[in-house]
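The values are calculated or read from the model by the stated rules, or taken from the named source; none is laboratory data. Predicted model, so just to flag it, every value in this text is computed and none were measured. We place every Cβ from the backbone using ideal geometry, glycine too, and count neighbours over all the protein chains shown.
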Amino acid sequence: MTDAVQTLIDQAMREAGEAQTFSAYAPSNIALSKYWGKRDRALNLPLNSSLSISLAEWGSHTTVEPSQSGSDQVLLDGQPLPPTSGFARKALAFADLFRGGRDVPLMISTRNTIPTAAGLASSASGFAALTRALCGSFGLDLQAQDMSRIARLGSGSATRSLWHGFVRWDKGARDDGGDSHGVPLDLVWPEFRIAIVEVDTGPKLHSSRDGMNHTVDTSPLFSSWPEMAERDCKTIEQAINQRDFETLGQTAEANALAMHATMQAARPALSYLTDQSWAILQRLWQARTEGLAAYATMDAGANVKLAFLKEAEADVLQAFPGARVISPFEWSNA
Ligand code: PMV
């Protein structure tokens with residue numbers, strides 16, 4: 001299958017100049033309706049559409065510049081990485097999409113504003129910022145939607161990190177992925193909040209890529225996922241348009257738990273959630289019986305993220321002291 005994205009880059013690169021220094025930013029994002037399962041593993045084409053909220057100033061700043069040393073260099077948070085490290089290899093392989101075999105040594109430097117302890121230093125903002133920085137460095141004049149398709153090749157969730165606010169990732173139907181990209185929802189909801197309730201974890205045992213493929217391959221519950229996820233995505237988009245927070249929250253929480261259920265049924269079972277994650281969920285459900293309007297979502301990690309509106313912020317912080325609150329529609333320099 002000809003990859004539509006590689007064709008897009010190759011065409012754009014015909015007009016490209018020498019690599020210049022270029023810096024870019026992309027926010028991280030949290031899916032309210034999840035991407036889980038690929039119909040094409042090489043192109044990161046999803047089995048279902050998904051919908052996320054971007055995390056404003058929490059994201060990645062990336063600079064791409066010609067390397068003065070004559071060989072590739074990758075820096076993370078100011079520290080040079082060995083070229084064999086996982087992060088450096090992924091970033092350089094991604095840059096190769098643009099270099100197309102040409103000898104253009106680059107220095108790629110990424111700084112994450114996401115607190116490392118929050119365990120959210122995500123590939124989503126990293127690949128979206130790297131896409132923007134590479135396009136800028138080579139002088140490619142591409143639309144955000146095209147950059148979203150490029151970022152998708154680095155990591156599925158990066159497809160949604162080209163914009164602030166709510167973003168839908170349309171799964172698309174084409175085999176070459178040409179119609180699988182992010183679409184920003186044209187609205188603001190200034191009162192919308194996300195809080196991260198951190199759970200102590202070491203490095204995770206399974207990447208989301210491996211966890212996803214293992215679930216698709218072995219979980220008998222997975223067959224019910226794509227249709228349900230597609231429906232949840234539509235319900236959540238409608239709830240956002242109607243500012244119906246309760247439907248949004250209930251659907252997002254149910255969607256996340258259903259995704260985790262598909263993993264528990266995988267053979268062997270897979271669980272990113274720990275006792276601590278479940279204790280947080282129990283506390284949330286108890287607080288909800290007492291009137292707290294907050295809902296949970298969890299990704300390929302143990303942390304719990306809460307969605308709520310500004311009016312519930314004080315109560316959320318009382319129930320979850322130390323939670324980090326993000327206002328997705330307020331950002332300054334990002
Ligand atoms: O982008 P990836 O390959 O890290 O997968 C992300 C998967 C989830 O975070 C669990 C869900 C999502 O939609 O972001």
Could you grab me the full set of residues in segment 68-91 that are over 18 Å from G154 (Cα atoms), touching a strand residue (DSSP E or B) at 6+ places or on another chain (Cβ under 8 Å) and not in a loop (DSSP other than H, G, I, E, B)?
-> Q73, P80
How about segment 52-71: which of its residues are surrounded by fewer than 18 Cβ atoms within 10 Å (Cβ to Cβ) and within 15 Å of F94 (Cβ to Cβ)?
-> none
Got a sec? Which of V325, V316 is over 22 Å from the mean Cα position of the chain (by Cα), more than 19 Å from L187 (Cβ to Cβ) and touching a residue at least 60 places away in the same chain (Cβ under 8 Å)?
-> V316
When the residues of segment 297-311 are filtered to those that are at pLDDT 95 or above and surrounded by fewer than 21 Cβ atoms within 10 Å (Cβ to Cβ), which remaining residue is farthest from the chain's Cα centre (by Cα)?
-> E311
Quick one: count up the residues across segment 146-202 that are hydroxyl-bearing (S, T, Y) and surrounded by fewer than 20 Cβ atoms within 10 Å (Cβ to Cβ).
-> 1
Given the conditions (1) surrounded by fewer than 22 Cβ atoms within 10 Å (Cβ to Cβ); (2) of a type in the set (A, V, I, L, M, F, W, C); (3) over 19 Å from K305 (Cα atoms), every one holds for W225 apart from (1)
